[in-house]
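The values are calculated or read from the model by the stated rules, or taken from the named source; none is laboratory data. Note that this is a predicted model, so its numbers are computed, not measured. Here the Cβ is made from the backbone with ideal geometry for all residues, glycine too, and neighbour counts use every protein chain on show.
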């Protein structure tokens with residue numbers, strides 16, 4: 001890029017001022033841009049000022065194309081130049097009010113040009129041919145249906161002069177682009193241009209009014225375009241967010257289906273293998289009943305083995321049943337079909353029931369319990385709240401080491417009961433904490449430290465849905481490498497509504 005000094009830039013501005021008597025609007029946006037001002041001024045001289053086409057024709061074409069294309073700048077600068085070529089005010093007004101030719105009208109103008117049998121040597125000033133050329137050039141510039149027919153006919157009529165028309169239109173288009181690059185160009189009102197216009201034309205006359213209306217229309221279009229662009233940008237942002245959410249949801253669903261298939265297949269395989277072993281053993285035992293009756297120790301060993309195999313199968317059935325129950329839970333939640341059997345109950349009773357179930361499943365784990373000595377009365381669906389506690393405890397045991405304790409706290413604060421389950425696991429990253437309650441979401445890089453059960457991203461979603469349906473809230477407090485505390489609150493049952501109490505006392 002050419003870097004002009006301040007003196008050179010000032011010299012260029014002086015040259016522009018001397019030629020026009022003012023600084024045209026399309027130079028305004030690049031006055032303070034190194035190199036561009038000088039380059040554009042050189043282009044203007046070569047393509048426009050020194051273009052051999054008649055000056056009035058060039059200026060009339062320029063203002064007409066700018067007006068018809070609604071290019072946002074003050075057209076008074078063109079009017080001043082036209083005045084120097086003795087173009088009257090009413091002629092400019094008549095031109096600007098004339099719309100771009102229709103397809104039918106352009107056919108007439110093309111026919112008019114077809115009567116010119118040889119390329120023009122002299123410009124046909126104030127003739128039907130000049131009018132037809134003007135109409136066809138304007139029609140071609142705005143790229144209408146018959147633009148190619150116009151181009152061919154104009155090329156034929158102008159001959160070697162057609163290259164200068166190409167240069168002229170390229171300059172007009174370039175000026176339009178410079179203006180459109182500055183959306184506030186229409187707001188620039190040059191005092192010098194205004195003063196010269198008022199000296200040349202009737203103030204508040206038809207031309208002045210027409211140009212004011214043009215600027216207002218341009219302003220409205222510009223503002224409307226800005227609103228539409230902002231709306232479109234917002235819609236695109238929302239569409240991208242929706243697409244991203246759908247892709248993530250689909251990925252979660254695919255992950256869930258893959259894991260669910262594996263989790264269902266594994267217990268079924270175990271159950272099937274266990275049943276086959278038991279069938280073979282039963283067949284063998286039936287064949288050896290007399291010997292077994294005589295051998296008590298062998299019979300006891302066989303019974304012990306059978307018991308262990310059945311316990312193993314029972315555990316896998318429990319695991320499979322929980323998975324199916326969770327899927328049904330989600331179906332009911334999504335369809336708003338969760339049925340609640342509310343009853344007044346001591347929250348401590350539900351905690352003890354959940355603890356008994358966990359102790360059967362995790363006999364070697366330690367769960368510390370801290371609860372008040374007085375009843376914590378709530379009005380809830382016992383089964384559903386126990387499911388939430390079970391989910392909290394299962395996660396705490398799963399994501400903490402086997403030799404580490406899990407703690408459960410029950411407390412009453414004001415009109416709320418609060419239950420918390422604390423573990424010493426790896427913790428959850430802050431950016432992931434809002435998402436762990438979403439359906440099928442599984443926290444990344446969270447290691448299962450105890451047990452083989454895989455997380456599906458269903459338990460916490462179910463838990464929050466249940467708690468919120470009871471008028472409470474479910475939350476988490478977590479810090480990486482320090483563990484997590486999952487908690488929920490429930491409204492305390494007011495004494496006046498207490499009818500029947502199921503208590504651990």
Among residues of region 326-352, those that are touching a residue at least 40 places away in the same chain (Cβ under 8 Å), in contact with a helix residue (DSSP H, G or I) (Cβ under 9 Å, 6 or more places away or on another chain) and not in a loop (DSSP other than H, G, I, E, B), counted: 11
Pairs where the first residue, in region 81-97, is touching a residue at least 24 places away in the same chain (Cβ under 8 Å) and the second is buried (at least 18 other Cβ atoms within 10 Å of the Cβ) and outside any helix (DSSP H, G or I), C-beta under 6 Å, 6+ apart: 89/201
Residue match in region 65-77 (condition: within 48 Å of the chain's Cα centre (by Cα), without any contact (Cβ under 8 Å) to a residue 60 or more places away in the chain, within 23 Å of residue 142 (Cβ to Cβ) and surrounded by 21 or more Cβ atoms within 10 Å (Cβ to Cβ)): no
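Tell me, please, whether a residue that is assigned to a strand (DSSP E or B), under 30 Å from residue 335 (Cα atoms) and either modelled with pLDDT of 90 or more or in contact with a helix residue (DSSP H, G or I) (Cβ under 8 Å, 6 or more places away or on another chain) (or both) can be found in region 426-440.
Our first condition is that a residue be assigned to a strand (DSSP E or B); within region 426-440, this holds for none.
No, because not a single residue in region 426-440 is assigned to a strand (DSSP E or B), under 30 Å from residue 335 (Cα atoms) and either modelled with pLDDT of 90 or more or in contact with a helix residue (DSSP H, G or I) (Cβ under 8 Å, 6 or more places away or on another chain) (or both).
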Tally, over region 468-487, of residues that are over 15 Å from residue 427 (Cα atoms) and either part of a strand (DSSP E or B) or touching a residue at least 24 places away in the same chain (Cβ under 8 Å) (or both): 4
First in region 102-119 and within 19 Å of residue 141 (Cβ to Cβ), second anywhere and in a loop (DSSP other than H, G, I, E, B) and at pLDDT below 95, Cβ under 7 Å, 6 or more apart: 103/145; 103/146; 106/146; 109/101
Residue within region 287-308 that is modelled with pLDDT under 70 and within 60 Å of the chain's Cα centre (by Cα) present: no
So residue 191, is it out of contact with any helix residue (DSSP H, G or I) (no Cβ under 8 Å at 6 or more places or on another chain), in the same structural domain as residue 19 (by TED's automatic domain parsing) and over 19 Å from residue 66 (Cβ atoms): yes
Which listed residue, of 56, 99, 119, is outside any loop (DSSP other than H, G, I, E, B), surrounded by fewer than 21 Cβ atoms within 10 Å (Cβ to Cβ) and in contact with a helix residue (DSSP H, G or I) (Cβ under 9 Å, 6 or more places away or on another chain): 56
Filter result for residue 149 (farther than 18 Å from residue 76 by Cβ, in contact (Cβ under 8 Å) with a residue 12 or more places away in the chain and loosely packed, with under 13 Cβ neighbours inside 10 Å): no
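In this structure, is residue 375 exposed (fewer than 14 other Cβ atoms within 10 Å of the Cβ) and either out of contact with any helix residue (DSSP H, G or I) (no Cβ under 9 Å at 6 or more places or on another chain) or more than 28 Å from residue 251 (Cα to Cα) (or both)?
Numbers: exposed (fewer than 14 other Cβ atoms within 10 Å of the Cβ): no; either out of contact with any helix residue (DSSP H, G or I) (no Cβ under 9 Å at 6 or more places or on another chain) or more than 28 Å from residue 251 (Cα to Cα) (or both): yes.
Against the criterion (exposed (fewer than 14 other Cβ atoms within 10 Å of the Cβ) and either out of contact with any helix residue (DSSP H, G or I) (no Cβ under 9 Å at 6 or more places or on another chain) or more than 28 Å from residue 251 (Cα to Cα) (or both)), residue 375 does not qualify.
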